[in-house]
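Take a look at the structure set out below.
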Amino acid sequence: MKKIIAILLAAALMLSLAACSESKPEPTEAPSSAETTAPMDSSSDEQPTETSAEPSDTANGETLGQTLRAAFLDAMDKNPEATPLELAETLIGNPAIQFAPITEPVVPGFLPGFSADIDGFAEGAMFAPMIGSIAFVGYVFRLEDGADADAFTQLLKDNADPSWNICVTAEETVIDHVGNTVFFVMCPGNAD
């Protein structure tokens, strides 16, 4: 049994090293603006959604981040009482996700993808790939009643670190909220 575990760990290490050594070809097109904003289309509050340059396109022309944001808004519309973990499991099941996923609850403090501790939420869940060489991390946070969701989304934006992953860098960041439930994702850019 120990030999099997050792072999599996060695294989995982070799795969992660191979993923780190891959180089991407230089894009032939100039990247779009460094950051664009789009209005939030839920709850009649006009809140900005942060989106950064060079997002990956999905089949319907939306970026992966936009696709997951739309799925978040749809899931919140269908079940506003869903827990962050339930929402994360719904989002990670989206057909646009092209990797083996995991979801897990998170607590305030250090969270992968941020340069500082993230506090100020009552409940949270992370959704991410099982293999750490993919520049993708997403979160759903539920804030305390009466908390300032705009201030919390600004905290996420200010501390988001697209280069948190040693091997790769996320190229798109999307942040949104419905009431006191906050959506956050950093994901890869074009897969060309």
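The values are calculated or read from the model by the stated rules, or taken from the named source; none is laboratory data. Not measured: the values here are computed from a predicted model. No Cβ is skipped: glycine too gets one built from the backbone with ideal geometry, and neighbour counts run over all protein chains shown. For accessibility, only protein heavy atoms count, side chains too; no ligands or nucleic acids. Shrake-Rupley method; radii C 1.70, N 1.55, O 1.52, S 1.80 Å.
Miscellaneous remarks
- Positions within region 93-134 being out of contact with any Leu (no Cβ under 9 Å at 6 or more places or on another chain), open to solvent by less than 60 Å² (accessible area, probe 1.4 Å) and of a type in the set (Val, Ile, Thr), in sequence order: Ile102, Val106, Ile134
- Here is the figure for region 105-131: residues that are in a strand (DSSP E or B) and touching a helix residue (DSSP H, G or I) at 6+ places or on another chain (Cβ under 6 Å) total 6.
- A single entry from Leu64, Leu73 fulfils the requirement of being touching a Ser or Thr at 6+ places or on another chain (Cβ under 8 Å) and either closer than 22 Å to Leu155 by Cα or surrounded by fewer than 22 Cβ atoms within 10 Å (Cβ to Cβ) (or both): Leu73.
- Glu86 out of contact with any Asp or Glu (no Cβ under 7 Å at 6 or more places or on another chain), without any contact (Cβ under 8 Å) to a residue 40 or more places away in the chain, in a helix (DSSP H, G or I) and farther than 19 Å from Val174 by Cα: yes
- The set of residues from region 135-188 being within 18 Å of Glu89 (Cα to Cα) and open to solvent by 10 Å² or more (accessible area, probe 1.4 Å) comprises Arg142, His177, Val178.
- The numbered conditions (1) farther than 19 Å from His177 by Cβ; (2) touching a strand residue (DSSP E or B) at 6+ places or on another chain (Cβ under 9 Å) are all true for Arg69 except (1).
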